[in-house]
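Visitor: Provided herewith is a single structure, encoded as structure tokens, for subsequent inquiry.
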Amino acid sequence: MGTYTPVDLSDVCNVDPAWAGPDLGFPSGLVTLRGLPFQIGSAAGGRLLGFGAGGYVEPVEVPLASDARWAIVAHRVMETRIFEGEPVGRQIAVYRFRYEDGGEAVVPIRERLEIAPVVDAWGHLPLLAVPDHYDGIMRRDEGPWEAIGQRQAEVTQGWPSHFVLWAWRNPEPGRRLAALQIEPGDRRFLIGGLTLSSLDEDPFGREPRRPVKITLADQQQGSQPFKLEVEVDRGVATYAYPLPDVPVAEFLADGFRGFGQAYHDASSPSYVEIAAQPSATVRVRQGEDEVASVGWGELAERGTVETPRARLEVVDPGKNWVRVRVVDADTEQPIPCRVAFRSPEGIPYQPHGHHDHLLSDKGTWHLDVGGDVRLGHITYAYVDGACEGWLPRGEVLVDAARGFEYEPLRAAITIEPGQRDLTLRLKRWKNMNAEGWYSGDSHVHFLSTLGARLEGACEDLNVVNLLQAQWGHLFTNTEDFVGQPVATADGRTIVYTGQENRQHLLGHLILMGLKQPVMPWSSDGPSEAELGGTLETTLSAWADACHAQGGTVVSPHFPMPNGEPAALIATGRTDAVEMLAHQMYQHYEYYRYLNGGYRLPLVGGTDKMTADVPVGLYRTYVRLPRDEEFSYESWCRNLRLGRTFLSGGPLLRFTVDGAEIGDTVSLPRSGGTVEVEAEAESIFPIHSLEIVQEGRVVASTEEPQGARRLRLHTTLRVDRHTWLAARTGGPGYATAIPHHDGWQRGVMAHTSPIYVAVAGPWGMYSAETAQYMLTLLHGGLDYIRQRSRQHPRGSVLHHHDKADHQVFLERPFHQAIVAVHQRGYEAGVGHGHP
């Protein structure tokens, strides 16, 4: 234990532990409290030093014979009247520190100052003493169910278990101490132990935490998945976190500036923050293996300590509290955005009120606290044009972004020692609103209305569709439903809370623009509905209820779950389908229905359920006519008309003979040649731009090294009804360059079709598509009849008013089967059952 020396109180210990009260479980013998050694009670154990009734009522003297600079007493009040209204500060005892030369230092020991009762009452810790346990951190990967909310705080406050510790500093350290005389008052109190220190350090530490970079010497060991922990015996240490291993110059030049960085899940390099006394020992462990043990005093003084297996470096250039403004580069007006700050080593310094490591870099499902988002290795703060907090002096890396129409800012800046203010400028390179296009995310969960409004504005979104939903016994965003839009002051960002109604096998459905909730939210069991739940409704019934309110129906993450989407499409109950990842399967399914003659607008959404997905990373751009003002209603109406493209970054322009996305080009019976133009622009590198006709690429251009802009102009011969769409993405399009969100979804964009009609109204028919749909429709009927869980007939009164529940469930499937056959008859081919 070095220069902290416990004093043996055996000669004066006078009471049994029962004197203090039953079942208090006092420790005995040599113990460590806050990293300091104490001899609790008598050396033989079983006796303590008690004062007041049943203990000493006269002064007691403890020999010291020491040149100590500090004396640390573990004591506690055994009876208190504070809760009966007695003021704090009552004198419990007097401690007289006697010097060998005859002088003394007299210290009154007052309740709630130098001493306190050990009570389970928040807010009653002493002001001048500390608990016998340090503040700490929660277990990183496990804990009790009831701690799930507290777990996000990471830290735990130290509470006294048996004693509070009070430290007396010898005002004249050159004078040798002879003894401590304890003069009791009229209240019972207990002294558990006394420790002396010859060190010139505060025994409890008052130094702030400082960041320490850890580099393992063995590269193979350092490349192992991150599993470092740091312990400090006389102080505290935060969780350790991996640091990025990319050089600063490479980071600044990355094509995904403003949109995160690949997570470096390795043990080296890493960092931790430490606040400790100079005499503390810092231990670094990788799993059960201790890879380094260094003295904190040496590390703090030298800045760097090398051991055979690790290098520890204090990375603390000093810091300033800086007020930051983020403005539009052209207007100089504040703009919402998201921003991240870090040191060149990668240590984050996020604005106050935001997280350096969102949710400890752990999974975040349904723990999206709002105001932050994590993209790989970087946690961003959503700020409404201003923020403030600590920034390190010297070089600082800033990473800021605002959607797809502003140039992201990733730069190295310098914070001077006296600097208090910083202005960042983001430049808009594209104004889609001015061109009639308005962006929205079709699919957002778990945020609050105000959180969604802020985050939407920061991502330059015009619409955020926040959705109520059910997962088993979890119901989310119940309180956010108001049946009307909630907008920013300038009206440019609108949040509308609707619903995602869900069934685990038949499918999910997004209901936009609801005035009243459509119930039940989910049906037929986990993971969507309750355990043992029954099939109470269909997606078609939900769609009808939404349309009855003037709402808009979207099939999310199309076509999964793939049970009832065919019925929705066949009967015209879905207004659009959603693509939220770059997966060719979703493309094939979408093209299948277009080839079958179904007009299906395409929308983009994120299905945001975690804090590692930014709102609008996949978004829908909707074109409004020039004479139509932006509103939620106009956005939905034009979405239904197919004037849309989805984007994961690139911005598309696409025309056929001058007609725009969602329009129909009419040709005579003989057909003709159409002129096709497409252009893609992006803040991210794009490699291909393609024209798709009936699912086949009929024209393309490629830039192997990636480009910010691609253009395509071609002519196509058309002699029958068809559809055309434009899409852009990575090499060959099928290969997508991944974002750093939790889905790793690809950078891409895809338009809704432009329809080309030959000799009359547009119409297509595919026997293959019809057969596919009929297979699903009959399969859905069989599921309802043979596998779905249902109440016995007549045992319940269902939410609907139909007389026969089975007929109610089957009706939309029968309607869809008839509709598919009818299309076949109209196409002149007929169609039998599969």
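Visitor: With the requirement that a residue be closer than 24 Å to Phe645 by Cα and either free of Cβ contacts under 8 Å to residues at least 40 places away in the same chain or more than 31 Å from the chain's Cα centre (by Cα) (or both), what does region 551-570 give you?
Guide: The answer is Phe558, Pro565, Ala566, Leu568, Ile569, Ala570.
Visitor: Would you pick out the residues in region 686-697 that are open to solvent by 10 Å² or more (accessible area, probe 1.4 Å), in a strand (DSSP E or B) and closer than 15 Å to Ile754 by Cβ?
Guide: Answer for region 686-697, where residues must be open to solvent by 10 Å² or more (accessible area, probe 1.4 Å), in a strand (DSSP E or B) and closer than 15 Å to Ile754 by Cβ: Glu690, Gln693.
Visitor: Ok, one more. Can you tell which of Met764, Met773 is of a type in the set (A, V, I, L, M) and in a loop (DSSP other than H, G, I, E, B)?
Guide: Going through Met764, Met773 in turn, the sole match is Met764.
Visitor: Tell me, please, whether a residue that is of a type in the set (Asp, Glu) and out of contact with any Phe, Trp or Tyr (no Cβ under 9 Å at 6 or more places or on another chain) can be found in region 174-195.
Guide: yes
Visitor: If Phe26 satisfies every condition in (1) touching a Gly at 6+ places or on another chain (Cβ under 8 Å); (2) assigned to a strand (DSSP E or B); (3) open to solvent by 10 Å² or more (accessible area, probe 1.4 Å) but one, which is the exception?
Guide: (2)
Residues checked against (1) part of a loop (DSSP other than H, G, I, E, B); (2) touching a strand residue (DSSP E or B) at 6+ places or on another chain (Cβ under 7 Å); (3) open to solvent by 60 Å² or more (accessible area, probe 1.4 Å):
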position: Ala43; (1), (2), (3): yes, no, yes
position: Leu49; (1), (2), (3): no, yes, no
position: Val88; (1), (2), (3): yes, yes, yes
position: Asp101; (1), (2), (3): yes, no, yes
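Visitor: Output the residues belonging to region 656-685 that are open to solvent by 20 Å² or more (accessible area, probe 1.4 Å), under 23 Å from Val747 (Cβ atoms) and touching a residue at least 40 places away in the same chain (Cβ under 8 Å).
Guide: Pro685
Visitor: Could you list, in sequence order, the residues of region 52-84 that are closer than 22 Å to Pro27 by Cα, open to solvent by 10 Å² or more (accessible area, probe 1.4 Å) and of a type in the set (A, V, I, L, M)?
Guide: Of everything in region 52-84, just one residue is closer than 22 Å to Pro27 by Cα, open to solvent by 10 Å² or more (accessible area, probe 1.4 Å) and of a type in the set (A, V, I, L, M), namely Met78.
Visitor: Collect the residues in region 700-754 that are polar (S, T, N, Q) and either open to solvent by 50 Å² or more (accessible area, probe 1.4 Å) or within 29 Å of Asp361 (Cβ to Cβ) (or both), keeping them in residue-number order.
Guide: Result: Ser700, Gln705, Thr715, Thr735, Gln744.
Visitor: Pick from region 771-809 the residues that are under 26 Å from Gln822 (Cα atoms) and either free of Cβ contacts under 8 Å to residues at least 60 places away in the same chain or over 43 Å from the mean Cα position of the chain (by Cα) (or both): which of them is surrounded by the fewest Cβ atoms within 10 Å (Cβ to Cβ)?
Guide: Val807
Visitor: Need at least 2 residues that are crowded, with 18+ Cβ neighbours inside 10 Å and in contact with a strand residue (DSSP E or B) (Cβ under 6 Å, 6 or more places away or on another chain) per element, so show me which helices (runs of 4 or more DSSP H) inside region 212-330 make the cut, counting only ones lying wholly within it.
Guide: 296-302
Visitor: Scan region 639-651 residue by residue and report those that are at negative phi and surrounded by 24 or more Cβ atoms within 10 Å (Cβ to Cβ).
Guide: Within region 639-651, Leu639, Thr644, Phe645, Leu646, Ser647, Gly648, Pro650 qualify.
Visitor: Can you tell me which residue within region 403-441, out of those that are over 27 Å from Ser343 (Cα atoms) and assigned to a loop (DSSP other than H, G, I, E, B), is farthest from the chain's Cα centre (by Cα)?
Guide: Gly436
The values are calculated or read from the model by the stated rules, or taken from the named source; none is laboratory data. The shown structure was predicted, so the numbers you read here are calculated from the model rather than taken from an experiment. Cβ atoms come from the backbone with ideal geometry, glycine included; neighbour counts cover every protein chain shown. The protein model used for the area step is the full one, side chains on, heavy atoms only, and it has no ligands, DNA or RNA in it. Shrake-Rupley method; radii C 1.70, N 1.55, O 1.52, S 1.80 Å.
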